[in-house]
Amino acid sequence: MQRRPLFIENADQLITLQGHSDRPATHKAMSELSIIEKGALWIENGEIIAIGTSEDLRTRYHSKLEIADVIDATGKVVLPGLVDPHTHLVFKGTREEEFNMRLNGATYMEIMNAGGGIHSTTSKTREANEEELFSESIKRLDKFLLHGVTTIEAKSGYGMDWETEYKQLKVAKQLDESHPIDVVRTFMGAHAVPKEYKENPDAFVELVIHEMLPKVAKEKLAEFNDVFCERGVFTPEQSRLILEVGKTFGLIPKIHADEIEPYEGAELAAEVGAISADHLLKASEKGIKAMAEKGVIGVLLPGTALFLMTEAANGRKMIDLGLPVAISTDCNPGSSPTVSTPLIMNLACLHMGLTPAEVITASTINAAHAINRAHEIGSLETGKKADVLIANVSNYMQLQYHFGMNHTDTVIKNGMVVVKGGVRC
Ligand code: NIG
Ligand code: FE
């Protein structure tokens, strides 16, 4: 069905981020937002057809204006819909009692090693049926949308048995099909060593590589393969094996690296040619340089550092070393129970030393690169998907300056207005 064209005009700033679709932005290019003042977008059938000044596009499309829906973005900033490249979206339950334990002195790893943490969410997720998982997760997606997010990555990993991993990935697929937000799937069977394999973690690794990975690939359940490479979880050797075998099945490697302790996860990401290495709080300079050389994206998760009460990754230094940086919520029930992408953007400035311009790049085009989608989303360019966020601020710096606030006014997904005046429509 032919849809009415959509014309967005008079944006105080139209942030296009053009020119970074082939390669993620690094160094100074992370501050190049390619802003058009009094900017406009012409959208048809979900696609960006033209970009320019309002005057320009009004002249160019004047014969079609009367059949178009028009949005006046006076006093507002128009930017690409936000991309969240690292979430554990599909899970059951909450873990506030562990938060309380951590505030009383327990550490994240102590809780996990005592059978809580990831294991606690795993038990609940194993017990939940598909409908329960779907209805809990779609509520989170609704909230993400109200914060301006139009594409999200979602990992499995609260099953660590085939039945539950499969259930999580199926639910993620159903969510993708039934919600405006696009959901990109990652298999993360190696999220922890399940209790049943505590005495023989290598046997679990065998299960992942011989049984789970082939099934994920055969049923096209995921594009990416992630592993928690951390002392006491999976060693660099086990992680390498899981990621390399995944590659033979066409699954692109990702890695939870150097989150709690330095463990050469960044080095491993470079070695296996991962698309991204995420967390990196304790990554070595050598590892960061190796990643930069290979073009591996560093996905930084400032909410996780905040919630685990640890020092955030040194994003400033990473950008200065040439690493392409993206940021994400890491939405999960243990270390980052939030959907507030705007707050994550604020924290990237306040705790990681990124500038407001770098933060925009990190949550749009570089985030799109981190999930292999930069050819279709992450910037406002002709031919790309019309995924657009209209924020109630008159310049992009205010997005980071008013911290802890949600400035989302309008969200357009695939050319359709799905949030208007901050409310779902
Ligand atoms: O990215 N670090 C490992 N995995 C998640 C946390 C999962 C959980 O605690 O439930 C993370 O922080
Ligand atoms: Fe994570």
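For region 129-151, check the following and say yes or no: at least one residue is at positive phi and out of contact with any Ser or Thr (no Cβ under 6 Å at 6 or more places or on another chain). Break it down stepwise before answering.
Initial filter on region 129-151 (at positive phi): 148.
Within this subset, residues satisfying the condition of being out of contact with any Ser or Thr (no Cβ under 6 Å at 6 or more places or on another chain) are none.
Looking for residues that are at positive phi and out of contact with any Ser or Thr (no Cβ under 6 Å at 6 or more places or on another chain), one finds none in region 129-151, hence no.
For every residue, the table says whether it meets (1) basic (Lys, Arg); (2) within 16 Å of ligand 2 (Cβ to nearest atom); (3) closer than 29 Å to Leu175 by Cα.
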residue: Phe224; (1), (2), (3): no, yes, yes
residue: Cys229; (1), (2), (3): no, yes, yes
residue: Ala266; (1), (2), (3): no, yes, no
residue: Ala283; (1), (2), (3): no, yes, no
residue: Lys294; (1), (2), (3): yes, no, no
residue: Leu300; (1), (2), (3): no, yes, yes
residue: Thr304; (1), (2), (3): no, yes, yes
| Any hit, region 154-167, residues being open to solvent by 60 Å² or more (accessible area, probe 1.4 Å) and among the aliphatic types (A, V, I, L, M) | no
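Being free of Cβ contacts under 8 Å to residues at least 40 places away in the same chain and more than 18 Å from the chain's Cα centre (by Cα), is that true of even one residue in region 382-392? It would help to see each step written out before you state the result.
Residues of region 382-392 free of Cβ contacts under 8 Å to residues at least 40 places away in the same chain: none.
Within region 382-392 (the criterion being free of Cβ contacts under 8 Å to residues at least 40 places away in the same chain and more than 18 Å from the chain's Cα centre (by Cα)), the answer is no, since none of the residues qualifies.
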| message | Could you check region 340-393 and list, in sequence order, the residues that are within 21 Å of Phe224 (Cβ to Cβ) and aliphatic (A, V, I, L, M)? | response | Ile344, Ala362, Ile365, Ala367, Ala368, Ala370, Ile371, Ala374, Ile377
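Just checking, how many residues over region 170-195 are in contact (Cβ under 8 Å) with a residue 24 or more places away in the chain, away from ligand 2 (no atom under 16 Å from the Cβ) and either assigned to a helix (DSSP H, G or I) or over 20 Å from the mean Cα position of the chain (by Cα) (or both)? Can you show your working first?
Keep residues of region 170-195 that are in contact (Cβ under 8 Å) with a residue 24 or more places away in the chain, which gives 170-175, 178-195.
Now narrow it down to the ones that are away from ligand 2 (no atom under 16 Å from the Cβ): 170-171, 173-175, 178-182, 193-195.
So of that shortlist, the ones also either assigned to a helix (DSSP H, G or I) or over 20 Å from the mean Cα position of the chain (by Cα) (or both) come out as 170-171, 173-175, 178, 193-195.
Within region 170-195, residues that are in contact (Cβ under 8 Å) with a residue 24 or more places away in the chain, away from ligand 2 (no atom under 16 Å from the Cβ) and either assigned to a helix (DSSP H, G or I) or over 20 Å from the mean Cα position of the chain (by Cα) (or both) number 9.
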| task | State whether one or more residues within region 237-252 are closer than 20 Å to Leu281 by Cα, at pLDDT 95 or above, within 15 Å of ligand 2 (Cβ to nearest atom) and open to solvent by less than 60 Å² (accessible area, probe 1.4 Å). | result | yes
| task | Could you look through region 104-162, keep only residues that are under 29 Å from Thr408 (Cα atoms) and without any contact (Cβ under 8 Å) to a residue 40 or more places away in the chain, and pick out the one that is farthest from the chain's Cα centre (by Cα)? | result | Ser135
| Of all residues in region 107-117, which are open to solvent by 30 Å² or more (accessible area, probe 1.4 Å) and either small (Gly, Ala, Ser) or outside any helix (DSSP H, G or I) (or both)? | Thr107, Ala114
| field | Residues of region 316-332 classified as part of a loop (DSSP other than H, G, I, E, B) and either away from ligand 2 (no atom under 16 Å from the Cβ) or without any contact (Cβ under 8 Å) to a residue 60 or more places away in the chain (or both), total | value | 4
| query | Got a sec? Which helices (runs of 4 or more DSSP H) wholly within region 206-315 have at least 2 residues that are in contact with a helix residue (DSSP H, G or I) (Cβ under 6 Å, 6 or more places away or on another chain)? | reply | 236-248, 265-272, 285-294, 302-307
| task | Take the residues in region 286-339 that are within 16 Å of ligand 1 (Cβ to nearest atom) and of a type in the set (S, T, N, Q), then tell me which one is most open to solvent (accessible area, probe 1.4 Å). | result | Thr310
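So which of Tyr166, Tyr158 is among the hydroxyl-bearing types (Ser, Thr, Tyr), touching a Lys or Arg at 6+ places or on another chain (Cβ under 9 Å) and assigned to a loop (DSSP other than H, G, I, E, B)?
On inspection, the qualifying residue turns out to be Tyr158.
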| Scanning for something away from ligand 1 (no atom under 12 Å from the Cβ) and assigned to a loop (DSSP other than H, G, I, E, B), does region 139-151 turn up at least one residue? | yes
| remark: His62 fails exactly one of (1) free of Cβ contacts under 8 Å to residues at least 40 places away in the same chain; (2) in contact with a helix residue (DSSP H, G or I) (Cβ under 7 Å, 6 or more places away or on another chain), namely (2)
| request: Six or more apart or on different chains, Cβ under 8 Å: which pairs go from a residue in region 394-417 that's closer than 13 Å to Pro180 by Cβ to one that's among the acidic types (Asp, Glu) and surrounded by fewer than 20 Cβ atoms within 10 Å (Cβ to Cβ)? Could you list them? | output: Gly415/Glu44; Gly415/Glu47; Val417/Asp69
| note | A careful count of residues in region 333-367 that are in a helix (DSSP H, G or I) and among the β-branched types (Val, Ile, Thr) gives 6
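The values are calculated or read from the model by the stated rules, or taken from the named source; none is laboratory data. Model, not experiment: these values are computed from the prediction. Cβ: placed from backbone, ideal geometry, glycine included. Neighbour counts: every protein chain shown. For the accessible areas, the whole protein counts, side chains as well, though only heavy atoms, and no ligand, DNA or RNA atoms are used. Shrake-Rupley method; radii C 1.70, N 1.55, O 1.52, S 1.80 Å.
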